[in-house]
1. Determine, yes or no, whether residue 68 is under 34 Å from the mean Cα position of the chain (by Cα) and free of Cβ contacts under 8 Å to residues at least 12 places away in the same chain.
2. Scan the stretch 233-253 and report the pairs whose first residue is closer than 12 Å to residue 351 by Cα and whose second residue is part of a loop (DSSP other than H, G, I, E, B) and at pLDDT below 75, with Cβ atoms within less than 6 Å and a gap of 6+ or a chain change.
3. Please work out if residue 62 is more than 22 Å from residue 139 (Cβ to Cβ) and buried (at least 20 other Cβ atoms within 10 Å of the Cβ).
4. Out of curiosity, is residue 171 over 20 Å from residue 30 (Cα atoms) and either in contact with a Lys or Arg (Cβ under 8 Å, 6 or more places away or on another chain) or surrounded by 20 or more Cβ atoms within 10 Å (Cβ to Cβ) (or both)?
5. Check 19, 37, 57 and return the single one that is closer than 22 Å to residue 131 by Cβ and of a type in the set (Val, Ile, Thr).
6. All but one of (1) aliphatic (A, V, I, L, M); (2) within 28 Å of the chain's Cα centre (by Cα); (3) surrounded by 15 or more Cβ atoms within 10 Å (Cβ to Cβ) hold for residue 87, so report the exception by its number.
7. Condition test on residue 119, is it surrounded by fewer than 22 Cβ atoms within 10 Å (Cβ to Cβ) and free of Cβ contacts under 8 Å to residues at least 24 places away in the same chain?
8. So, in the stretch 76-105, exactly how many residues are polar (S, T, N, Q), over 24 Å from residue 162 (Cα atoms) and not in a helix (DSSP H, G or I)?
Amino acid sequence: MLEHSLEWLRSFVPQPNTVPRGERMRAVAGALVGLFVTAILSDMLTRGSGIGPLALVAPMGASAVLLFCVPASPLAQPWSVIGGNTISALIGIICAKSVANPALAAPLAGACAIFVMFLLRCLHPPSGAVALTAVLGGPAIHAAGFGFAFLPVCLNSTLIVLAALVFNNLTGRRYPHNQKSALRTAQQAAHATGDPAPMARLGFTAEDLDAVLARYGQVLDVSRDDLEDILLQTEQRAYARRFGTVNCGAIMSKDVVTATPNMPLAEAWRLLRHHNLHALPVLDASHRVAGIIGQGDFLHHAGLDDYQTVGERLRGLFAHVLGVRPERAGTVGELMSTKVAVVSKDEPIATLVPLMSNGGLHHIPVVDERAVFLGIVSQSDLLAALFESRLAEAA
């Protein structure tokens, strides 16, 4: 009995804070900037309207916590903030006018606001405080009537959302946090066929996650795509543990044939053919990865990636000779792909699995902590490493 009591008391102890100091300071600065901008602009825009000290309503402080501390939360998205606050203010005003007793009107306003926010998909916790403020705010708010929902509540909400949009994106946080399903993207076949991507045939699917969330049946203060990403990364760590501690640097090819951005295409093609390679990493003057060029890039450049009749090819050739068609690229830098996935030499080889199996990549450059090129890992390297890991596990 005593043990259960102690365990119950321990549940009141706050969990360890895993948020980095830099993120905490970012959120603090965001709240300061957002509330300051909202207060100043609200005061300027409502000057002469008789609102006076009501230019900034207290629940904006709670909205700032969500907007700048957890901008990815579904409860902190623009419609939740603006719609939730404005609608709750209107409901609070209706309750204040309909029910004379504040002790009854206040809880009724809060409950009705939550009900309507659920219906309109704009659930926002501070909006409950907005509904109570409309009831308990005093004579000045009651005198403002339905105008209180628009000036200052809707105005405040719109301004602080705009401040959050600018601040969060400038500091590296996506806002609004639109749902980019990493799982559905990962499960799309790289070759545009009907088969699921390789990892999707073994791991959990988007439908699995939807079914579990439906069965869970509670509001989660985390966006669905973030939850997907967390689960995918957890799955990846499990793969890394299963395959041991072999890292990318241990299996990469170090004697790599490379190209430079100003290398002529003819020379790059000769390198590919001479060394029987499918792709060349392209390095800049500081030996960092500037791009990658593969056989597919050359085929597309030559117009051989699409079937054409002899007549069509001759017409295209004459058009090019006569100057009707624009000049073709002459150097690697003009033709290479600049969006290149790279991995650190210290990353476990499990990191390569989703990139190669789902992403359809055949070669991935390996870099050091300064992003300097060290080598390249091919699908053959990864397959050999996984095979060796399974042999070692069996032994």
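1. Working: under 34 Å from the mean Cα position of the chain (by Cα): yes; free of Cβ contacts under 8 Å to residues at least 12 places away in the same chain: no.
It is false that residue 68 is under 34 Å from the mean Cα position of the chain (by Cα) and free of Cβ contacts under 8 Å to residues at least 12 places away in the same chain.
2. Here the result reads 235/203, each pair linking the stretch 233-253 to a residue that is part of a loop (DSSP other than H, G, I, E, B) and at pLDDT below 75.
3. Values: more than 22 Å from residue 139 (Cβ to Cβ): yes; buried (at least 20 other Cβ atoms within 10 Å of the Cβ): no.
So residue 62 does not fit the description; no.
4. Working: over 20 Å from residue 30 (Cα atoms): no; either in contact with a Lys or Arg (Cβ under 8 Å, 6 or more places away or on another chain) or surrounded by 20 or more Cβ atoms within 10 Å (Cβ to Cβ) (or both): yes.
Here the answer is no, as residue 171 does not meet what is asked.
5. Working: 19 fails: closer than 22 Å to residue 131 by Cβ; 37 fails: closer than 22 Å to residue 131 by Cβ.
Residue meeting the stated conditions: 57.
6. Among (1) aliphatic (A, V, I, L, M); (2) within 28 Å of the chain's Cα centre (by Cα); (3) surrounded by 15 or more Cβ atoms within 10 Å (Cβ to Cβ), the lone unmet condition for residue 87 is (2).
7. Working: surrounded by fewer than 22 Cβ atoms within 10 Å (Cβ to Cβ): yes; free of Cβ contacts under 8 Å to residues at least 24 places away in the same chain: yes.
So residue 119 fits the description; yes.
8. First pass over the stretch 76-105, keeping only residues polar (S, T, N, Q): 77, 80, 85-86, 88, 98, 101.
Now narrow it down to the ones that are over 24 Å from residue 162 (Cα atoms): 98, 101.
Checking which are not in a helix (DSSP H, G or I) leaves us with 101.
The total comes to 1.
The values are calculated or read from the model by the stated rules, or taken from the named source; none is laboratory data. Since this is a predicted model, take the numbers as computed values, not measurements. Don't worry about glycine lacking a Cβ; one is built from the backbone with ideal geometry, like all the others, and counts go over all protein chains shown.
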